[in-house]
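Novice: Mind having a look at this structure? Questions to follow.
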Amino acid sequence: MSAEPLHLLIVEDEAAHVEAIRRAFEEAGTDVQIRAVDTLREFRACVTEQPPNLTLADLNLPDGQALEILTNPPEDAPFPVLVMTAFGNQHVVLDVMKAGALDYVVKSPESFAGMPQTVERVLREWNLLQRNKKMEAQSLRAQRFESIGTLAGGIAHDLNNVLAPILMAVEILREMITNEAGQKILSTLEASAQHGADLVKQVLAFARGIEGRRIMVNPIHLLHDIQHIVRDTFPKNITFSLVPHRDLWTTTGDPTQLHQVFTNLCVNARDAMPHGGRLTVTIENIVLDDVYADMNPDSKSGAYVMVEVTDTGTGIPPKDVERIFEPFFTTKEVGKGTGLGLSTTMAIVKSHGGFISVYSEIGKGTTFKVYLPADTTTKSVETAALERAQLPSGNGELVLVVDDEESIRSIAQATLERFGYRVLLATDGAEAVAVYAQHREEIAIVLTDLAMPVMDGASTLVALKALNPQVKAIASSGLTANRENTQAVKAGFEHFIPKPYTAELMLNILAKVLHEPA
Ligand SMILES: Nc1ncnc2c1ncn2[C@@H]1O[C@H](COP(=O)(O)OP(=O)(O)OP(=O)(O)O)[C@@H](O)[C@H]1O
Ligand SMILES: [Mg+2]
């Protein structure tokens, strides 16, 4: 496996300038693949073929101005543009920045020589910008979700007023119409109106938030029920297994509602496996700490009973994953699904003080994890908290943390330092390699994200191994499939940590890898 080089596209009609930039990158030793074109027309052709990581464009080109790239960007190919101008004219600079360039460079032998550093800085700013955009989108989604809830609540209320008289009228008509055919029609009418009323009830529950009983619930009992339903009613080409861990904690809630949560998830799993497959339900106790909670905004630290529902079905396309919890979002045929299952599920779990996470891979399957707060009065929950207080500490070992997300870096750093480690940080693979080269004698272990722009975790490891074949490295990733895990180990990582992770998990794995013989 070779490291992924940086793709740079230069749009410049002066061959000498392109040459100067090439030389600068060569001297800096950056792993870069440079393509150079003369005109905007060629630029467009080139971009559709393979979008670069960054475009470096001369302002004045034979067939137009580089501003066009910015004001009229190629679709689906977002990348930063760095504009080069012959003079540092104020007006020009203003135009360039207004058009959306991340930066501009006034051409000179010095600026050409410094291009590798400039490019690195611009890429870093660009990544930051993309991340902020993502967060904005997330908050917009949350708002939209809320307004959909309000809207649905309003409609449901009106529909109730439509359906109630129909149902009452059916009662009266039953008395008046005595012939068999008439009674049949009335039954159909009643069943349909009743079905409508049930749907309305679900929507209302979703919109108002769910209230219910609060009694001690042992999830394993619920899941035994579900097991019966599945075995009796699901197609035989779906294999079901229930894997309860030992000494499970209890939770407090409404058994009927929780039953509905797991039924919804299992039914969805069934529908996702029209040709059969495996449906696995695992239950285990889990303690989440602040480190975990900081990485996952939906969660709170504490003790949970976690129920994991995994299928080997179609998977959910990334564009849909963000929408599946919206009411009425369905990909099923009309009449097959109403799109209320998951929105109700989410509302119930939230009203129980829990949260849900989902992981899916197209063609491989989907995992839903439902976290329900454990009853903290349980003796074993206390013990677990105590055990957690005795986490394995470091002894001043130096850890290099590589992650493109600022929040993850700072959480990891704070935790490691609190538990006796020293920390160096890098925001991407290239920086990690540079830092490692400088401190290689001191760095005891590297903890790196797998999915990073420009140079991913696996490529980073290859580069680190070139510096030191004995390097110890742990991979982490937000994609928690087993596949990631095995791939990470194959790539030569000692261990894999799924994100978000707890301090406990991170510290235990660090201690284990550090103390095991090389
Ligand atoms: N396990 C799964 N595998 C693949 N896709 C899923 C899975 N679970 C949910 N989905 C997707 O999410 C959508 C919404 O699910 P949800 O349960 O809310 O509604 P539904 O199943 O379509 O209808 P309803 O549950 O109201 O009958 C589904 O239509 C499907 O596209
Ligand atoms: Mg459903």
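Laboratory data are not the source of any read-out in this text; all were calculated from the coordinates shown. Fair warning: this is a prediction, and the values are worked out from it, not measured in the lab. Every residue, glycine as well, gets a Cβ built from its backbone with ideal geometry; the counts of neighbours run over all protein chains shown.
Novice: Can you give the translational diffusion coefficient of the chain in µm²/s, computed by Stokes-Einstein from the Kirkwood radius over Cα pairs at 25 °C and 0.890 mPa s? Intermediate values should be presented prior to the final figure.
Specialist: Working: Rh = 27.1 Å.
Translational D for this selection: 91 µm²/s.
Novice: Subtract the Cα-Cα distance of residue 465 and residue 39 from 0.36 nm times their separation in residues, and report this length gain in nm to one decimal. Don't skip to the answer; put the middle values down first.
Specialist: Details: separation 426, 0.36 × 426 = 153.36 nm, distance 4.07 nm.
Roughly 149.3 nm would be gained on extension.
Novice: Just tell me which lysines come within less than 29 Å, Cα to Cα, of residue 364; anything on the same chain fewer than 8 places away is out.
Specialist: Here the lysines satisfying the reach criterion relative to residue 364 are 134, 236, 319, 332, 336, 350, 490, 499.
Novice: Another question about this same structure. What do you get for Rg/Rh over the stretch 6-113 if you use C-alpha atoms and the Kirkwood form of Rh?
Specialist: Details: Rg = 13.0 Å, Rh = 13.9 Å.
Over the Cα atoms of the stretch 6-113, Rg/Rh equals 0.93.
Novice: Something else: With each label point set 7 Å from Cα along the Cα-Cβ vector, what nm distance links residue 239 and residue 117?
Specialist: Reported label-point gap for residue 239 and residue 117 is 6.0 nm.
Novice: Turning to a different aspect of this structure: Taking the highest mean first, how do the peptides 256-264, 269-277, 151-159 order by number of other beta carbon atoms within 10 angstrom per residue? Before the final figure, lay out each step's value.
Specialist: Working: 256-264: 20.1, 269-277: 17.4, 151-159: 15.1.
Answer by packing, highest mean first, reads 256-264, 269-277, 151-159.
Novice: So the label point goes 7 Å from the Cα of residue 328 along Cα→C-beta, right? Which residues of the stretch 153-181 then have their backbone N under 18 Å from it?
Specialist: 153-163
Novice: Applying the Karplus parametrisation 6.51 cos²θ - 1.76 cosθ + 1.60 with θ = phi - 60° to the phi angles of the stretch 166-174, what ³J(HN,Hα) value in whole Hz is obtained for each residue in order, glycine and proline being reported as x?
Specialist: After applying 6.51 cos²θ - 1.76 cosθ + 1.60, I find 4, 5, 5, 4, 4, 4, 5, 4, 4 Hz.
Novice: OK, next. When the chain is fully extended, how far beyond the present Cα-Cα distance does residue 375 get from residue 221, taking 0.36 nm per residue of separation?
Specialist: Details: separation 154, 0.36 × 154 = 55.44 nm, distance 1.59 nm.
Residue separation times 0.36 nm, minus the Cα-Cα distance, leaves 53.9 nm.
Novice: Another question about this same structure. Per residue, what volume in Å³ does the convex hull of the Cα atoms of the stretch 289-383 enclose?
Specialist: Values: hull volume 11.4 nm³, N = 95.
Value for the stretch 289-383: 120 Å³ per residue.
Novice: Starting from 0.36 nm per residue, how many nanometres of slack lie between residue 108 and residue 201 once their C-alpha separation is accounted for? Walk me through the numbers on the way to the answer.
Specialist: Details: separation 93, 0.36 × 93 = 33.48 nm, distance 7.03 nm.
Length gained between residue 108 and residue 201: 26.5 nm.
Novice: If you project the alpha carbons of the stretch 215-381 onto the principal axes, what extent comes out on each, in Å, largest first?
Specialist: Rounded to whole Å, the extents work out to 46, 34, 26 Å.
Novice: Right, something else. Fewest first, what order do 371, 104 take by the number of other Cβ atoms within 10 Å? Numbers along the way, then the final one.
Specialist: Working: 371 26, 104 19.
By the 10 Å Cβ count, ascending: 104, 371.
Novice: Between residue 267 and residue 188, take the C-beta separation as r, use R0 = 22 Å, and let me know the FRET efficiency to the nearest 0.05. It would help to have the intermediate numbers written out before the result.
Specialist: Values: r = 25 Å, r/R0 = 1.13.
The calculated FRET efficiency here is 0.35.
Novice: Could you check the spin-label model distance between residue 361 and residue 157? Points 7 Å from the Cα along Cα→Cβ, value in nm.
Specialist: Result: 4.7 nm between the two label points.
Novice: Then there's this: Under the rule of at least 5 residues apart or a separate chain, name every residue whose amide H is placed under 5 Å from the amide H of residue 497.
Specialist: For residue 497, the qualifying residues are 475, 476, 477.
Novice: Using r as the Cβ-Cβ distance of residue 174 and residue 406, and R0 as 60 Å, what FRET efficiency do you calculate, to the nearest 0.05?
Specialist: The pair residue 174/residue 406 has a calculated efficiency of 0.35.
Novice: If you plug each phi of the stretch 59-65 into the Karplus form 6.51 cos²θ - 1.76 cosθ + 1.60 with θ = phi - 60°, what whole-Hz ³J(HN,Hα) values come out, in order, with x for Gly and Pro?
Specialist: Values per residue, Gly and Pro as x: 5, 9, 10, x, 10, x, 10 Hz.
Novice: Separation between the residue 13 and residue 395 pseudo-spin-labels, each 7 Å from Cα along Cα→Cβ, expressed in nm?
Specialist: Calculated label separation equals 6.7 nm.
Novice: Ranked highest first by the average count of other Cβ atoms within 10 Å around their residues, in what order do 439-451, 236-248, 40-52 fall? Write down the numbers at each step before the final one.
Specialist: Values: 439-451: 18.7, 236-248: 13.0, 40-52: 15.7.
Going from most to least packed, we get 439-451, 40-52, 236-248.
Novice: Amide H neighbours of residue 82 under 5 Å, counting only residues 5+ apart in sequence or on other chains, H built in-plane at 1.01 Å?
Specialist: Hits under the 5 Å cutoff: 55, 56, 57.
Novice: Whole-Hz Karplus ³J(HN,Hα) for the stretch 314-321, in order, using 6.51 cos²θ - 1.76 cosθ + 1.60 and θ = phi - 60°, x for Gly and Pro?
Specialist: 5, x, 10, x, x, 5, 8, 3
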